[in-house]
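First comes the structure, then the notes that go with it.
The values are calculated or read from the model by the stated rules, or taken from the named source; none is laboratory data. Given the structure is predicted, the values throughout are model-derived calculations rather than measurements. Virtual Cβ from ideal backbone geometry, glycine too; neighbours counted across all protein chains shown.
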Amino acid sequence: MRGNGGKQFKFSEKENAKVPGFKRDPVGDKEAEIESGILQKYKGRLLVMASDKCAVQCRFCFRKNMQKKSIRNLPEKLHKMLKKDKSIKEVILSGGDPLMLGNNELQAFFRAIPKPIKIRIHSRIATALPSRFTPALQRLFKQLGSRLIFVTHINHPDELSKKSEKIFRNLSKYGITLLNQSVLLKDINDNAKILAELSEKLFSQRILPYYLHQLDKAQGTAHFEVPIKKAKKIFKELKETLPGYLVPRFVREVKGEKSKVWIS
């Protein structure tokens, strides 16, 4: 990847620095776990740690210090939970990256989630490992159609390519909702020009900008943090540059809150 976008995947000795306020579990994943591998932070939604593997290692990841483990019989546990709790309207498959699972493993999760519960997948695979989008995988997604919300994680316009464009074009044909979430990262995308280019390029590939996150304060990520005063200035400029539908919501996740917190 040309430019500064590649810095998000490169190890730095700065990761070893101990900085006050930066924690192992900054967003309270451990407290939100209601069953091994299944979290509930927000009303009507469950988050499932479907995979413990990723195609790339994001050095700013808020789960970088969390123990990664493969959990047996997770689809079965999820199915039993959903049969008991009728308040759940959406299941979010996360990890790790859920698309690191094989097709049969993925299908087991899809079958475990009764209709009409929505399925949301958070993944970097379309840009990090596009070869994973085989015809067989795309057929699985086609079966879900509009029931599926696919959330990409793209921070820099250079991550998007002709390969990703083909993938997203196919997914949009199936009626799948395509959204993107980004993290504001120092020396990578911390200016309005890059973020505006990202939004425009996402939209050209049929993806709507969804969230721009202020960095979660995970231990070892302080060198990626954009000071909040500068972050607000960047976002103000971004709003003044783009039409409203291309402006992501600027948010942070606060441990214990019942929703993401919007930064005004």
Practice item. Would you mind finding the one in ARG139, ARG147, ARG169, ARG206 that is touching a Ser or Thr at 6+ places or on another chain (Cβ under 8 Å) and among the basic types (Lys, Arg)? Key: ARG206
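Would you be able to tell me the number of residues in the stretch 41-59 that are out of contact with any Phe, Trp or Tyr (no Cβ under 8 Å at 6 or more places or on another chain) and either under 28 Å from GLU225 (Cβ atoms) or exposed (fewer than 14 other Cβ atoms within 10 Å of the Cβ) (or both)?
Initially, the stretch 41-59 is screened for residues out of contact with any Phe, Trp or Tyr (no Cβ under 8 Å at 6 or more places or on another chain), giving 41-47, 49, 51-55.
Going one step further and asking which of them are either under 28 Å from GLU225 (Cβ atoms) or exposed (fewer than 14 other Cβ atoms within 10 Å of the Cβ) (or both), we end up with 41-45, 47, 49, 51-55.
Result for the stretch 41-59: 12.
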Practice item. Could you tell me whether any residue of the stretch 238-245 is among the hydroxyl-bearing types (Ser, Thr, Tyr) and buried (at least 17 other Cβ atoms within 10 Å of the Cβ)? Key: no
Point to revise | Pairs, first touching a residue at least 24 places away in the same chain (Cβ under 8 Å) and farther than 11 Å from ASP216 by Cα in the stretch 9-26, second part of a helix (DSSP H, G or I) and not basic (Lys, Arg), C-beta under 8 Å, six or more apart | key: SER12/HIS223; LYS14/ALA222; LYS14/HIS223; GLU15/HIS223; ALA17/ALA222; ALA17/HIS223; VAL19/ALA222
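The rows are residues; the columns are (1) under 19 Å from the mean Cα position of the chain (by Cα); (2) of a type in the set (Lys, Arg).
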position	(1), (2)
PHE22	no, no
ARG45	yes, yes
VAL48	yes, no
ILE71	no, no
LEU106	yes, no
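Matching residues to (1) closer than 20 Å to LEU215 by Cβ; (2) not in a strand (DSSP E or B):
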site: PRO20; (1), (2): yes, yes
site: VAL27; (1), (2): yes, yes
site: LEU46; (1), (2): no, no
site: GLN67; (1), (2): no, yes
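When you look at THR152, is it of a type in the set (S, T, N, Q), at pLDDT 95 or above and closer than 23 Å to VAL56 by Cβ, yes or no? Steps first, answer last, please.
Details: of a type in the set (S, T, N, Q): yes; at pLDDT 95 or above: yes; closer than 23 Å to VAL56 by Cβ: yes.
Spelling it out, THR152 is indeed of a type in the set (S, T, N, Q), at pLDDT 95 or above and closer than 23 Å to VAL56 by Cβ.
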Practice item. Quick one: which residue in ILE117, ILE149, ILE176 is crowded, with 19+ Cβ neighbours inside 10 Å and either more than 17 Å from LEU208 (Cα to Cα) or without any contact (Cβ under 8 Å) to a residue 60 or more places away in the chain (or both)? Key: ILE176
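Over 27 Å from ILE167 (Cβ atoms), touching a Pro at 6+ places or on another chain (Cβ under 8 Å) and in contact (Cβ under 8 Å) with a residue 24 or more places away in the chain, is that true of ALA231? Walk me through how you get there before you give the answer.
Numbers: over 27 Å from ILE167 (Cβ atoms): yes; touching a Pro at 6+ places or on another chain (Cβ under 8 Å): no; in contact (Cβ under 8 Å) with a residue 24 or more places away in the chain: yes.
When the stated conditions are applied, ALA231 does not pass them.
Could you list all residues from the stretch 108-126 that are outside any loop (DSSP other than H, G, I, E, B) and either of a type in the set (A, V, I, L, M) or under 20 Å from the mean Cα position of the chain (by Cα) (or both)?
Quick first cut of the stretch 108-126, residues outside any loop (DSSP other than H, G, I, E, B) only: 108-112, 118-123, 125-126.
ALA108, PHE109, PHE110, ALA112, LYS118, ILE119, ARG120, ILE121, HIS122, SER123, ILE125, ALA126 - these are the residues of the stretch 108-126 that are outside any loop (DSSP other than H, G, I, E, B) and either of a type in the set (A, V, I, L, M) or under 20 Å from the mean Cα position of the chain (by Cα) (or both).
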